[in-house]
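What follows is a set of notes on a single structure, which appears directly below.
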Amino acid sequence: MAAVTGLMLAFAVPAAGARTATEPARDTVGVFDPTTAEWFLRDHDGGTTRFTFGRAGDVPLAGDWDGDGVDGIGVYRPGDGTVMLRDDLSVPISYAVRAPAGGMPVAADVDGDGRDDVAVVRAGWLYLDTPVQGADPIPVRVGDDADGVVAGDFDGDGEDEIAVLRGERIEALVGAGGVGLEVGRVRPVVGDWDGDGVDTVGGYHPWSAYFTLFHGIAGDPSRVILGYGSAGMLPVSGDFGPLPGGDDPPQRVVGLPALAVGDSGPDVMILQQALAERNLYRGPIDGEFGDATAYGVMALHKAMEVERSWDFEPGDWRLLADFELPPLPVRPDEPDRVEVDIGHQLMFHIEDQRVVDVIPVSTGGSYWYYSPRNDAVVPAGTPRGDFTLFHLATGWHCDSLTGWCIYNPWSFTPYYAMHGYLSVPEYPASHGCVRVTTWDSDYLIDRLFVGIPFHVWDHYDPETNETTP
């Protein structure tokens, strides 16, 4: 394998002593609780082996790090890029290395040497080791719309192929010409479930907590449905060899309970992670249900067109499971833009034709008010149309005549702006500007730019691709 240099995101794991596996050469599944770092590995007889490795917020990994034919486990820490690997469960840790932070890890044996390496997808690129000693890493374009990446020996040739998850579909990426199937709203898992030497794609349904394991690459009707784990847990798969078993399986909890401001704990952390994955939340994953989490829940309710509440209501986990963005205008000449959907009271920040932020707003309230500046009663309405953000003024700015203060205003007309404000209710309430929370206003400073298109409309018809005021 190539040495780790420069921008290389993949790294080889040092060889270690092999051990002999007595289990059949077929994979099994398990789950990892990202709130407690607890692992639950299920053996072929239905027994569970439970242990703790890593810490809260880690991403689980499984692979044959030492080439002995049996998979070990590992964790990737998105915050700082730490990777820790274990060859087997008898040692606390085998290797600790550092990879780039903030990416998506995948374990794969791309050169057929029998040992898995870990690569990290970041900023739309996957960097792979080359089989030529001393060669530079091979960058592979994944695309900014990649929601995940998986690897497996899909053709039985002894080498792993890489495939990428885009929305609900697994697509070929590196050498995986046979991979291309709808997986639905699942977290994909890959394994050789029947011991025939060929890996197939399965899925873990994160809110209903069950695995669907197919024996055919294109969704063969021959499948196994296995309920295991709890909502919010992350799936793992591999041939872990003989496991001790004898532990209690994870408590099976489907969905999430009702939550509200002031609540804290693992359930809140799972909610925050789910909201962030859907671009509805930009705050810390800290397990504290504060104002930022409440606004993420409000954005969920607005997008799914249900009663707008700041609380995570009973059954709202189904909204997360079925989440879909409202349809948005197609503008091929504007890959980066902002869409303000007054009907949903949401603002969509789009980069490279992909929605990266869904932000709750409050626009003009359609009422009449007295304007000291105009010395007249005027309507409170937000102008509709196609604009650009042409000026940013950072910090608080107060009108000397009215005393009204706005935060980080981005002007889109000489008289109206998108700005931070202390009050952003769930309904249209402003005099005409587009209000966002102060923390979202701070977040957007480094993500928007002067000249970005800014569109404001009431309704969108996807059949005609037209908006109406």
Can you tell me which residue within region 385-427, out of those that are of a type in the set (F, W, Y) and surrounded by fewer than 17 Cβ atoms within 10 Å (Cβ to Cβ), is farthest from W439 (Cα to Cα)? Y415
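Does region 342-351 include one or more residues that are of a type in the set (D, E, K, R), under 30 Å from P257 (Cα atoms) and touching a residue at least 40 places away in the same chain (Cβ under 8 Å)? Explain how you work it out, then say what you get.
Of all residues in region 342-351, those of a type in the set (D, E, K, R) come to 351.
From what is left, the residues that are under 30 Å from P257 (Cα atoms) are none.
Within region 342-351, none of the residues are of a type in the set (D, E, K, R), under 30 Å from P257 (Cα atoms) and touching a residue at least 40 places away in the same chain (Cβ under 8 Å).
Pull up region 311-337, narrow it to residues that are in contact (Cβ under 8 Å) with a residue 60 or more places away in the chain and open to solvent by 70 Å² or more (accessible area, probe 1.4 Å), then point me to the one that is farthest from the chain's Cα centre (by Cα). So that I can check it myself, show each step before the final result.
Step one: list which residues in region 311-337 are in contact (Cβ under 8 Å) with a residue 60 or more places away in the chain, which gives 315-318, 320-322, 326-331, 334, 336-337.
From what is left, the residues that are open to solvent by 70 Å² or more (accessible area, probe 1.4 Å) are 318, 322, 327, 330.
Values: R318: 17, D322: 15, P327: 20, V330: 23 Å.
Among those that are in contact (Cβ under 8 Å) with a residue 60 or more places away in the chain and open to solvent by 70 Å² or more (accessible area, probe 1.4 Å), it is V330.
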Checklist (1) in contact (Cβ under 8 Å) with a residue 12 or more places away in the chain; (2) farther than 19 Å from D341 by Cβ; (3) open to solvent by 70 Å² or more (accessible area, probe 1.4 Å) applied to R447, failing item: (2)
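Going by the conditions given, is F240 closer than 27 Å to D43 by Cβ, of a type in the set (F, W, Y), in a loop (DSSP other than H, G, I, E, B) and at pLDDT 90 or above? Reasoning before the result, please.
Values: closer than 27 Å to D43 by Cβ: yes; of a type in the set (F, W, Y): yes; in a loop (DSSP other than H, G, I, E, B): yes; at pLDDT 90 or above: yes.
The answer is yes for F240.
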On the basis of being polar (S, T, N, Q), in contact (Cβ under 8 Å) with a residue 40 or more places away in the chain and surrounded by 14 or more Cβ atoms within 10 Å (Cβ to Cβ), does T382 make the cut? yes
Name, by its number, the condition in (1) in a loop (DSSP other than H, G, I, E, B); (2) more than 23 Å from R354 (Cα to Cα); (3) modelled with pLDDT under 95; (4) out of contact with any strand residue (DSSP E or B) (no Cβ under 8 Å at 6 or more places or on another chain) that does not hold for P284. (2)
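Within region 113-143, can you find the residues that are open to solvent by 40 Å² or more (accessible area, probe 1.4 Å) and modelled with pLDDT of 85 or more?
To start, the set of residues in region 113-143 that are open to solvent by 40 Å² or more (accessible area, probe 1.4 Å) comprises 113, 115, 122-123, 125, 127, 131-134, 136, 138-139, 141.
D113, R115, listed by residue number.
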Given the conditions (1) β-branched (V, I, T); (2) open to solvent by 20 Å² or more (accessible area, probe 1.4 Å); (3) in contact (Cβ under 8 Å) with a residue 60 or more places away in the chain, every one holds for V436 apart from (2)
Please go through (1) of a type outside the set (D, E); (2) more than 23 Å from A274 (Cα to Cα); (3) in a strand (DSSP E or B) for V330 and return the number of the only condition it doesn't satisfy. (3)
For region 391-448, list the strands (runs of 3 or more DSSP E) that sit wholly inside it and hold at least 1 residues that are in contact with a Phe, Trp or Tyr (Cβ under 7 Å, 6 or more places away or on another chain) and basic (K, R); which are they? 434-437
Residues within region 44-61 that are in a loop (DSSP other than H, G, I, E, B) and either among the small types (G, A, S) or surrounded by 18 or more Cβ atoms within 10 Å (Cβ to Cβ) (or both), tallied: 7
Which pairs have Cβ atoms under 6 Å, sit 6 or more apart or on different chains, and link a residue in region 62-88 that is under 12 Å from V118 (Cβ atoms) and open to solvent by 30 Å² or more (accessible area, probe 1.4 Å) to one that is part of a strand (DSSP E or B) and at pLDDT below 90? M84/A96
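Condition first: touching a residue at least 24 places away in the same chain (Cβ under 8 Å), open to solvent by less than 60 Å² (accessible area, probe 1.4 Å) and of a type in the set (S, T, Y). Can you find one or more residues in region 285-296 that meet it?
Among the residues of region 285-296, at least one is touching a residue at least 24 places away in the same chain (Cβ under 8 Å), open to solvent by less than 60 Å² (accessible area, probe 1.4 Å) and of a type in the set (S, T, Y), which makes the answer yes.
The values are calculated or read from the model by the stated rules, or taken from the named source; none is laboratory data. Small disclaimer: the values here were computed from a predicted structure and weren't measured. Note: ideal-geometry Cβ built from the backbone for every residue, glycine included; neighbour counts use all protein chains shown. Accessible surface is based on the protein model in full, side chains and every heavy atom, while ligands, DNA and RNA are left aside. Shrake-Rupley method; radii C 1.70, N 1.55, O 1.52, S 1.80 Å.
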